[in-house]
1. With the condition kept exactly as written, say whether any residue in segment 173-182 is touching a helix residue (DSSP H, G or I) at 6+ places or on another chain (Cβ under 8 Å) and farther than 13 Å from Val64 by Cβ.
2. Taking only segment 155-186 into account, find how many residues are surrounded by fewer than 18 Cβ atoms within 10 Å (Cβ to Cβ) and outside any strand (DSSP E or B).
3. State the number of residues belonging to segment 80-105 that are over 16 Å from Gln231 (Cα atoms) and outside any strand (DSSP E or B).
4. Do we have any residue at all in segment 121-140 that's surrounded by 13 or more Cβ atoms within 10 Å (Cβ to Cβ), under 19 Å from the mean Cα position of the chain (by Cα) and not in a strand (DSSP E or B)?
5. Which residue, of Arg108, Arg152, is within 22 Å of Thr94 (Cβ to Cβ) and assigned to a loop (DSSP other than H, G, I, E, B)?
6. For Ser84, all conditions in the list (1) modelled with pLDDT of 95 or more; (2) under 16 Å from the mean Cα position of the chain (by Cα) hold save one; what is the number of the exception?
7. Within the set of pairs 6 or more residues apart or between chains, which connect a residue that is over 16 Å from Asn117 (Cβ atoms) inside segment 149-160 to a residue that is outside any helix (DSSP H, G or I) and of a type in the set (Phe, Trp, Tyr) with Cβ atoms less than 7 Å apart?
8. Identify all residues within segment 152-194 that are in contact with a Leu (Cβ under 6 Å, 6 or more places away or on another chain) and of a type in the set (Val, Ile, Thr); write none if there are none.
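The values are calculated or read from the model by the stated rules, or taken from the named source; none is laboratory data. Since this is a predicted model, take the numbers as computed values, not measurements. Ideal geometry is used to build each Cβ from the backbone, glycine not excepted, and the neighbour counts take in all protein chains shown.
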Amino acid sequence: MKKKSAIAIALVALVALVVLYALFWRETSEQTTVVALPSSEPAETEPVESGAAEGFADISADTVQAALRSLSRPASYSRTVTVSYFWDGGQSSTELYSWVDGDRTKIRIPLDTDYENILVDGSTLYIWYDSVPAASYSGPAGSSLEADGWLRCLSYEDLLELPPTDIFAASYEQYNSESCIYVEYNSGELGYTNCIYVSSSTGLLMYAETYDSTGLIYRMDSGPVDLSTPQEGVFIPPSLEMETAEAGEQSAP
C-alpha cells in the first residue's frame, strides 16, 4: 500500500514538472524582441572609428532594427547638412539648408552665383533658381522619403528590411553631444558599406559615411536641429507667389 502511494506521489510530481516546463517554454518562445533605449548618456566617441559604447543599451546587429523602428522623425524642424563626395585625387563639399513641416520639405542649395531651390510638397515636386524663378519645374513627387534623395542623404529606413547578416555592427554612442544609434551595414548597392549615426531623440540621421572597395566615397554631417516650425512662406513655390501677387494687383482699387 505504501509502495502504491509513493508511486502515485511520484507520478503527480512528474506531471506537475511537465506542466510547468510546457508553460515556461511557451511563454519564452512567444516573446518578441524589445529594445529599451537607456536613460544614461553614452560616452563621447568619434564617428565611424569609435568602438561600441558597451553597457548603455542592449543594441546589437540582431536588435538594432527593432530599436530604429521605435524612432520617429519630428513633424517640423530645420537644419543644415554638409555633404561631401570623395574620389581618387579629389573631393567636393556642399552645404544644403533644409526646412520640414509635415509632408513638405524645402531644400536650398548655394551655387557659385545662384541658389537652387527644391520643394517636395506632398505629391508635387518643384525646382527653381533664384535668378529665374519664373522658369520653375513642377512634377509628381515619389515616395515620402524622396526628400532625402534631394537632400543627398541616406534613408536609414532602408536597412530595416535587410537580413541581420547584412548588419556588421551596432551600438549606442554619442556624436556631437547627440545620443545616437550607430549602425554599420551593407547597403546592397555595389557592395557599399554604410556607417550611420541616428539620433535616438529625433530619429534624424546625424552623420553618415559610405565606403566602396577603394575607401571613403561619401560623407554627410548634420548641424544642430531646430525643432521650431518653419515660417509658412518657406514652402510657397514661385508660381504660387506670382499668382498671389497678380491676384492682389487685380483686386486693388
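1. The first filter runs over segment 173-182 and keeps only residues touching a helix residue (DSSP H, G or I) at 6+ places or on another chain (Cβ under 8 Å), leaving 181.
Those left that are additionally farther than 13 Å from Val64 by Cβ: none.
No, that holds for no residue.
2. Matching residues across segment 155-186 total 12.
3. Matching residues across segment 80-105 total 2.
4. No.
5. Details: Arg108 fails: assigned to a loop (DSSP other than H, G, I, E, B).
Arg152 is the lone residue from the list that is within 22 Å of Thr94 (Cβ to Cβ) and assigned to a loop (DSSP other than H, G, I, E, B).
6. (2)
7. Within 7 Å, the pairs are Leu159/Tyr185.
8. Of everything in segment 152-194, nothing turns out to be in contact with a Leu (Cβ under 6 Å, 6 or more places away or on another chain) and of a type in the set (Val, Ile, Thr).
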